[in-house]
1. Does A:Leu308 qualify as being more than 14 Å from every other protein chain (Cβ to nearest Cβ), crowded, with 24+ Cβ neighbours inside 10 Å, at pLDDT below 95 and within 21 Å of A:Leu91 (Cβ to Cβ)?
2. Of all residues in the stretch B:255-267, which are more than 20 Å from B:Arg239 (Cβ to Cβ) and open to solvent by 10 Å² or more (accessible area, probe 1.4 Å)?
3. Filter the stretch A:265-296 down to the residues that are open to solvent by 10 Å² or more (accessible area, probe 1.4 Å) and among the hydroxyl-bearing types (Ser, Thr, Tyr) and list them by number.
4. Determine which member of the set A:Ala70, A:Ala84 is assigned to a loop (DSSP other than H, G, I, E, B) and either open to solvent by less than 10 Å² (accessible area, probe 1.4 Å) or in contact (Cβ under 8 Å) with a residue 60 or more places away in the chain (or both).
5. I need the full set of residues from the stretch B:203-257 which are within 12 Å of the chain's Cα centre (by Cα), over 25 Å from B:Ile127 (Cβ atoms) and in a loop (DSSP other than H, G, I, E, B), in order please.
6. Restricting attention to the stretch A:171-179, does a residue exist that is in a helix (DSSP H, G or I), of a type in the set (A, V, I, L, M, F, W, C) and buried (at least 20 other Cβ atoms within 10 Å of the Cβ)?
7. Restricted to the stretch A:230-254, and to residues that are under 22 Å from the mean Cα position of the chain (by Cα) and within 11 Å of chain B (Cβ to nearest Cβ), which residue is most open to solvent (accessible area, probe 1.4 Å)?
8. So which of A:Gly60, A:Gly2, A:Gly40 is open to solvent by less than 50 Å² (accessible area, probe 1.4 Å) and either modelled with pLDDT of 85 or more or farther than 28 Å from A:Leu360 by Cα (or both)?
Amino acid sequence: MGTTDSSIVDAARARPGLLFAVLLGGLLLVDLAAKLGGVGLGPIGGSVSVDRLGSNLWNGVVIGLVIGLAGIGLSMTYSILSFANFSHGDLVSAGAFTGWGVAFLIAGFGDVPVRALLTVRDAGSASPGDVGAHILSTPGAILVGLVAAFVVTSLLAVALDRAFYKPMRDRDGISLLIASIGAALIVRYLLQFGYGSDRRGVTASVEQSNLAFGPLGVSVNAHELTILVAAVGLMVAMHAMLQHTKLGTAMRAMADNKDLALITGIPAERVVTATWIIGGGLAGASGYLYVLLRGTIQFDFGWLLLLLIFAAVILGGIGSVYGAIVGGLVIGVVFTTSTIWIPSDFNQAAAFAVMILMLLLRPEGLFGGVSTA
Amino acid sequence: MSADDAPEPAGTTESGSESDAPATESGSESDAPATEPVSESGDSPTDAEVSAGTDHALGGDAILRIRDLDAGYGDLQILSDVVLDVADEEYVTIVGPNGAGKSTVMKTVFGLTTHMGGTVEFEGEPIHGLAPEQIIREGIGFVPQNDNVFPGLSVRENLEMGAYILDEVPEAQIETIYDRFPILRERSEQKAGTLSGGQRQMVAMGRALMLDPDLLLLDEPSAGLAPDLVDDMFDRIDRINDSGTAVLMVEQNAKEALRRCDRGYVLVNGGNRYTDRGDVLLADEDVRRDFLGG
């Protein structure tokens, strides 16, 4: 027994952060159990319904999938091009606006002026109800919008690469990072110029849109289910592409060792272009899905979301596609379940606290050093 | 690493024929396996005296023909007026002290340095200035010294990447490589990063052989290998050469490399010093003293 005790003490001395994390996590779990049981013991306990916990978890998974989807592209550009792309958040916004413009055009064509549709109701020129975009009433429009978000954003990403990043290909990561901040500003204010700066509603409301009730009494609405299917589908496609195609293998090879990829005869520029197409496209799709979830759109929402995307990617191990997905889910769940303990104004802080804790305990992230790409 | 057994050359004369060093030990190497004389200046080693040649160009046909090559990195010139030939199916090794530019020669052939002058011809076509991707298409494979596998890819995927420029994965060639390195067949689905140093070296060679190149460039193939694996690695290189692939190799283990190769080049300070049959270089007193540690 004595040796066991001392080894625990040694471990705690060596890694006090781990001890702190374990204690805090244990305390939160005990508190959660007390809350669910409706037991109040001074500062801990209280009451939280199983329904609320369930819906928090479900919301966290849905947001997490969107963040993870956006994180894939960020992680890919980091591992293959070796820089943190700060324009990624604005690619998310760009995908949302262009995708919803197309979805509106299909859903509301004839009822609402085309200009109001393509600008996603700039200056409140029609109500969301007039357009009537909803997965149940206009599923075709929603799906075509998703495809359009992917395609247009991937083209935008390739254009940004040709204009800014390609001429700087052999510069260091910091120079590229700063260039990407410039690109981010350009995209953001072009969006504001084209689509206006108002926050406005996008999706229509449809009765009976709460489709299912899960075992925990969780209400699942049709848009959340759409996001689940679309995001998981895109992630599975991404996995298949990375693991089972020549291009995907070349991407992993370039992420592993760029110099060797060159010597091996892998055409680097073509792989880089494919990286922008896929990473940018996924960013655009995730922005489109984020708007489907929130129901509103604003020109800088992607930029604001970028911090959470970075948190997810860093948590998962920057450079790893699978880490980005898992990191997104962790950040999403922390983001929503933290409101059990703290005011919802602080839930972003909780997400970043988890990221910082991860950096302290495992600086390489969850999947860092395990497998690139 | 070769600095230990290759001190700064002191007072070696440019011309091997003027060698006046006492030839007391030169006889001991005269029983080295005689290879077919390829070099014009290939004096047979004799008991009395051995002189390494300095005629760097090959008389007959060479698949790789380097003439007056100047190259380096950015503004820094490393090689000056290097002359080097590799004949079809020949096994050529480059030795010399650290910083002599041995690896730079290889990297320059493969288009990885700044070309500053002179020519590199492969099978009659100039290849200096081409990108590595094009040079691979010409029929040259390159195994760099360090980090020469993709650690996150499986063994099979590493090999497949070696044939990226082909439309189809050449299954027959993968089988040929598995036959050559049977352990790789067993480890086919394993990530290359989990393999031992010797196995990684096999993956790296296998990858470079995927397009069945006419010339294989090997940069320090024995570096980092456990001593008992070094001989095995040299045997494998012999067999690759025996099956018809010309080999140009830089090797820290200079004695063993010269013993195995057809011809050797001694490079010093980015330029040619001696060129002769491997056994002649091994037997030459100056070469032994200045580059092979006595």
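1. yes
2. B:Lys255
3. Passing the criteria: A:Thr273, A:Tyr290, A:Thr296.
4. After applying the criteria, what remains is A:Ala84.
5. Passing the criteria: B:Ser222, B:Gln252, B:Asn253.
6. Yes, the stretch A:171-179 contains a residue that is in a helix (DSSP H, G or I), of a type in the set (A, V, I, L, M, F, W, C) and buried (at least 20 other Cβ atoms within 10 Å of the Cβ).
7. Filtering first and then ranking leaves A:Gln243.
8. Values: A:Gly2 fails: open to solvent by less than 50 Å² (accessible area, probe 1.4 Å); A:Gly40 fails: open to solvent by less than 50 Å² (accessible area, probe 1.4 Å).
So the residue among A:Gly60, A:Gly2, A:Gly40 that is open to solvent by less than 50 Å² (accessible area, probe 1.4 Å) and either modelled with pLDDT of 85 or more or farther than 28 Å from A:Leu360 by Cα (or both) is A:Gly60.
The values are calculated or read from the model by the stated rules, or taken from the named source; none is laboratory data. Keep in mind it's a predicted model, so treat the numbers as computed, not measured. Virtual Cβ from ideal backbone geometry, glycine too; neighbours counted across all protein chains shown. Calculation scope for accessible area: heavy atoms of the full protein, side chains included, ligands and nucleic acids excluded. Shrake-Rupley method; radii C 1.70, N 1.55, O 1.52, S 1.80 Å.
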